[in-house]
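Reviewing the structure listed below.
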Amino acid sequence: MTFKPDQNDPNALDALAGEYVLGTLDAEQRQAVEQRMAHDPMLQAAVDRWEARLLPLNDLVPPHPPSARLWPRIERSLNAVASPVQTKAQTSWWNLLPLWRGLSAAGLAATVVLGTALLTASPKVSPPAYVVVLVAPQNQAPGWVIQASNRQNIQLIPLGVAQIPSDKALEFWTKAEGWDGPVSLGLVKPGQTLSVPLDSLPPLEPNQLFELTLEGPNGSPIGKPTGPIQFIGRAVKVI
């Protein structure tokens, strides 16, 4: 995460709230956000907006009862971490490292699912048919979400503000099975949502590749990626 809890820029504030609700912050960062929300109504309002966007997920995902072994496992983790002078109620959930490490493998998958709710706040808007979470190759941290309510138009939505050198630019690419190579979808400004029509391309399909590469200020000079990949992901059909 590139944001600090004392930032007042509205875009940074909204992105910070988004990371908080998506669950991509670490324990220290999450605690800092929660402390700030107690006296920062703008941050609290941004968090409320993100939570309202995510609530429709409850209707998209069928319930799955947890394994009978889950709660005993959590209880064992609680007992293992709690010191002799602590009760279970006094044990901080955010300090339960064995538990959270065990759940961390599901973090990226949860982010993919949560990405389907990055819609406008109106509950009447239909959920996207496809979603892509673009992650940094180095650490798998999610940086962008792509959503498509149909197969001919997509939205690229930032989860933060990527740090790009002043003499470089992010270029957006896609490639589906059977294509000769990636096709440019244009330059992307860090921190800004981009709507891209796919009228001149075949319809969007599952597992279609999307990536953002670091190119010169005017984009790739040869019509193909030349710079390092900054974020990458594949399309998943959700409805």
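Odds and ends about this structure:
- Label-point gap, in nm, between ASN207 and ASP26 - each point 7 angstrom along Cα→Cβ: 3.6 nm
- Distance between modelled label sites at SER166 and SER149, nm, 7 Å Cα→Cβ extension: 4.0 nm
- Across segment 126-237, the relative contact order, built from alpha-carbon pairs under 8 Å that are at least six residues apart, equals 31 percent.
- Extending 7 Å from the Cα toward the beta-carbon at both SER200 and LYS175 defines two label points whose distance is 1.9 nm.
Just so you know, all these numbers are worked out from the coordinates, no wet-lab data involved. Remember, predicted model here, so these are calculated numbers, not experimental data. Counting neighbours? That spans all protein chains shown, and the Cβs are built from the backbone with ideal geometry, glycine included.
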